[in-house]
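Everything on this sheet refers to the single structure shown next.
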Amino acid sequence: MQNQHIAAIFNEVADLLEIQGANSFRVRAYRNGARTLENLSESVADLLATPGRSIEALEGIGKDLGAKIAVVVETGQLPQLEELRQQVPAGVMDMLRIPGLGPKKAATLFKELGLISLAQLKEACEAGKVAELKGFGKKTQQSILEGIPHAQEAGKRFLISIATASADEIVADLKQLSSISQVAVAGSCRRRKETCGDLDVLAISDNSAEAMDRLAAHPLVEKVLARGETKQRVRLRTGIELDLRVVPAASYGAAMQYFTGSKEHNIVIRRRAIERGLKVNEYGVFRGEEYVAGRSEEEVYAAVGLPFIPPELRENRGEIELAEAGKLPKLIEVADIQGDLHMHTTASDGKATIREMAEAAKARGLKYIAITDHSKRVSMANGLDATRLREHWKAIRKVREEVTGIEILCGIECDILEDATMDLDDEVLSEADWVIAVLHYGLKQPREQIMQRLLNAIRNPNVDAIGHPTGRMLSNRPPADIDFTTFFKAAADHGVLLEINSSPERLDLDDVQAAAAKSYGIPIIIDTDSHNTSGFNVLPYGVDQARRAGLTKNDVANTRPFAEFKRLLRKS
Ligand code: DGT
Ligand code: CA
Ligand code: CA
């Protein structure tokens, strides 16, 4: 049982309790517990199984949550969650995906107006009933109305982190069966797309019944939705659905190729096959009735005159032409990353000290980091003013002396304010080794204002990089309205680096934008935005996004040794 699943359960319990108007301490306890689990580098199940160790020692996990974790690890579910789900209609939970609509407002909509679905909420907004509720008003009603399509869309997909955690665990479990010689995930999860609609798992076995029984009995599986001879569809407790397909070895490569997709990529592959007098499907490559290939994906691609194409590129966005020309990029890998330029400490909203972050980064093989706590505008994160920032930098310099083997930059994550000025003045910013400028507030401003803010930041000679440029949160906050052409031109002109933020909620820039940024010659940085020592765990998600953008080691600035990296900075 993965930490992410238990965290998702706790978060859902917190939402449900809050909708029911439960005590806020109780709600917060679940959220804190969830956060601890999300950031924990080792599996709680392992921790539980280790004699002499206790999960209650973890921050935010007391006796009560500890016992609940044990129940989930043991049984795969939490009875309390099942009960709460009975009490709150699923449609009310859907409302939480509307940007800016939290559990309290959802509760009011449910209790006062009896609304239990997004469709009903839409009607009520259109009839003006929502505006009349206490604490809502016309503006809120309008913003809810605009957010409903986003909620409907987001509800159908799952973050790659959630999808991966489920897929990895199920695949590992199926591998235990001796009748299964190979098993792996395909579909959007294998392509490392930022969100997945469902999971597609393929296995080679001559005993498909055994494979399906094993899956059905897995603690993560909530319900078997359909079962045939070689295919089974189940719903997992996280809500994501999973297709298991059992195939013979001779079809494995063909099935892998087919079910990895994307559909758009496959259409071109099929067309190429037809041009060569062949037919490609999930069973193999055929000439007439004769099977000619299909054991491996390499064989399938070779049959249509192509080298193996990395799954991350299979979107029909030019990869087939590049493959044909022998010009596929050698994609960046996690091991190429040498530095991390975005992280927090206890000085703002992080959970670890400067030294702890530096030691943890070093232990992971990083050669340089920038400590970038929040600036003062982010008061809820205890953001720093100039005085505190200078004190903080002093402390960083001290750690820099004491911890060897890693370079530490005195940085700041500086807000670009709603009025397009910087949250800290130039004098203090000019003393920083590294300034990453970001939008946190006013993301809904019209394009003109957003661009004014980004361009002002880019033109500020103290700014080295723009962090999570669009500000989006995949589950509940749409991106700011950016004119990317102007944005990229300006960043390229001024030598400002752009970030791919690896947090699975952000993955910002996205794959398409990161590829565009590369075309302007802008060096990308891939950061974790860690808030504790296990925050570095998210790095692979950022690297995957970069791979989907076709980025190579050379396109990413923080793959360079420190001295070379420094030369990329404006102030160097
Ligand atoms: P998702 O689940 O929405 O995140 O995206 P995928 O890509 O995993 O899509 P899914 O689960 O519907 O199907 C898995 C793969 O199977 C898909 O990427 C390509 C292949 N596939 C499914 N349906 C079709 C189809 O009608 N035509 C073709 N050519 N391929 C298909
Ligand atoms: Ca899928
Ligand atoms: Ca599917």
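Summary of values
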{"quantity": "Alpha-carbon centroid distance for the pair the stretch 433-456 / the stretch 31-75, whole angstrom", "calculated": "39 Å"}
{"quantity": "Relative contact order, percent, the stretch 522-572 [alpha-carbon distance under 8 Å, six or more residues apart]", "calculated": "37 percent"}
{"quantity": "Net charge of Cβ neighbours under 15 Å - reference A516; Lys, Arg +1; Asp, Glu -1", "calculated": "-3"}
{"quantity": "Net +/- balance of residues flanking K279 in space, Cβ distance below 9 Å, scoring K and R +1, D and E -1", "calculated": "+2"}
{"quantity": "Shape of the stretch 15-66, Cα gyration tensor, a/c cut at 1.5", "calculated": "prolate"}
{"quantity": "Charge dipole of the stretch 1-111 about the Cα centre (unit charges at C-beta), most positive-ward option of P79, A14, Q2", "calculated": "A14"}
{"quantity": "Prolate/oblate/rounded label for the stretch 512-572 (Cα gyration tensor, a/c 1.5)", "calculated": "oblate"}
{"quantity": "Spatially proximal lysines relative to K129 (Cα-Cα < 28 Å; intrachain offsets below 8 disregarded)", "calculated": "K104, K105, K111, K138, K139, K156, K444"}
{"quantity": "D483 versus K553: modelled label distance in nm, points set 7 Å from Cα along the beta carbon direction", "calculated": "3.9 nm"}
{"quantity": "Cα gyration tensor category, rounded, prolate or oblate, for the stretch 427-520 with a/c compared to 1.5", "calculated": "rounded"}
{"quantity": "Coordinate range along principal axes, alpha carbons of the stretch 107-189, Å, largest first", "calculated": "63, 22, 18"}
{"quantity": "Rg/Rh ratio calculated on Cα atoms of the stretch 158-246 (Kirkwood radius)", "calculated": "0.93"}
{"quantity": "Mean separation of Cα contacts under 8 Å (6+ apart) over length of the chain, as relative contact order %", "calculated": "10 percent"}
{"quantity": "Sum of -39500 (n - 2.57) over DSSP H runs of 4+, divided by residues of the chain (222 nm, nearest 500)", "calculated": "-13000 deg cm²/dmol"}
{"quantity": "Rounded to the nearest 20 debye, dipole of the stretch 29-126 from Cβ charges on Lys, Arg, Asp, Glu", "calculated": "260 debye"}
{"quantity": "Electrostatic dipole magnitude of the chain [Cβ: Lys, Arg +1; Asp, Glu -1; Cα centre; debye, to 20]", "calculated": "400 debye"}
{"quantity": "At 1.306 mPa s and 10 °C, Stokes D of the stretch 402-481 from Kirkwood alpha-carbon radius, µm² per second", "calculated": "118 µm²/s"}
{"quantity": "Length released on extending from A119 to R271, taking residue separation times 0.36 nm less the Cα-Cα span", "calculated": "50.6 nm"}
{"quantity": "Proportion of all alpha-carbon pairs of the stretch 3-154 beyond 28 Å (%)", "calculated": "31 percent"}
{"quantity": "Ratio Rg/Rh, restricted to the chain and using Cα atoms, in which Rh is the Kirkwood radius", "calculated": "0.98"}
{"quantity": "Dipole in debye (nearest 20) - the stretch 150-249, about Cα centre, beta carbon charges: Lys, Arg +1; Asp, Glu -1", "calculated": "240 debye"}
{"quantity": "Normalised contact order of the stretch 263-324, rounded percent, pairs of Cα under 8 Å and 6 or more residues apart", "calculated": "26 percent"}
{"quantity": "Residue among P329, L439, P540 farthest towards the positive dipole end of the chain, charges placed on Cβ", "calculated": "L439"}
{"quantity": "Sequence-distant aspartates and glutamates (8 or more away, or on other chains) whose Cα lies within less than 16 Å of K351", "calculated": "E38, E59, E359, D373, D529"}
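Bear in mind these aren't lab numbers, they're just calculated from the coordinates by the rules spelled out. If you're wondering where the values come from, they're calculated on a predicted model, not measured in any experiment. Here the Cβ is made from the backbone with ideal geometry for all residues, glycine too, and neighbour counts use every protein chain on show.
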